[in-house]
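Can you keep this structure in mind? I'll have questions shortly.
The values are calculated or read from the model by the stated rules, or taken from the named source; none is laboratory data. From a predicted model like this one, the values you see are computed outputs, not experimental measurements. Don't worry about glycine lacking a Cβ; one is built from the backbone with ideal geometry, like all the others, and counts go over all protein chains shown. With ligands, DNA and RNA removed, areas are computed over all heavy atoms of the protein, side chains included. Shrake-Rupley method; radii C 1.70, N 1.55, O 1.52, S 1.80 Å.
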Amino acid sequence: MNGLTSSTPSASAIRLTVSGFLLLLVQSGLLLMSSSLSSENGLLIWILTPLAAAAFLAALIGIPEPPEAHWRQLHGR
């Protein structure tokens, strides 16, 4: 299994990453519905939930890589 840092990550590594982000989002939703949540914890959850959602969307969509010619022009090769 190639990891996420590999140039060609395996499908199972990507599935594990996406499922981890989904678990974080579900956990955040359940905590926000709790009645015994203090204001400090609620603020932390409200800050981390959009970050987890953005990371989940980035994992689903993928971050585009620049073309190979772009790097050659930057380094003058």
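Would you check which residues across the range 34-46 are among the aliphatic types (A, V, I, L, M) and open to solvent by 90 Å² or more (accessible area, probe 1.4 Å) and list them?
Hits for the range 34-46 are Leu43, Leu44.
Also: With the requirement that a residue be surrounded by 13 or more Cβ atoms within 10 Å (Cβ to Cβ) and more than 23 Å from Ser10 (Cβ to Cβ), what does the range 53-63 give you?
Residue satisfying the conditions is Ala53 alone.
Does any residue in the range 29-46 that is without any contact (Cβ under 8 Å) to a residue 40 or more places away in the chain come within less than 6 Å, Cβ to Cβ, of a residue that is open to solvent by 80 Å² or more (accessible area, probe 1.4 Å) six or more places away or on a different chain, and which pairs are these?
Listed pairs, sorted by first residue: Ile45/Leu31.
Quick check, is Ser12 of a type in the set (Gly, Ala, Ser), more than 15 Å from the chain's Cα centre (by Cα) and modelled with pLDDT under 80?
For Ser12, the condition - of a type in the set (Gly, Ala, Ser), more than 15 Å from the chain's Cα centre (by Cα) and modelled with pLDDT under 80 - is met.
Follow-up question, since we're still on this one. Select from the range 6-33 the residues that are hydrophobic (A, V, I, L, M, F, W, C) and farther than 17 Å from Thr49 by Cβ and write down the one among them that is most open to solvent (accessible area, probe 1.4 Å).
In this case the residue turns out to be Leu16.
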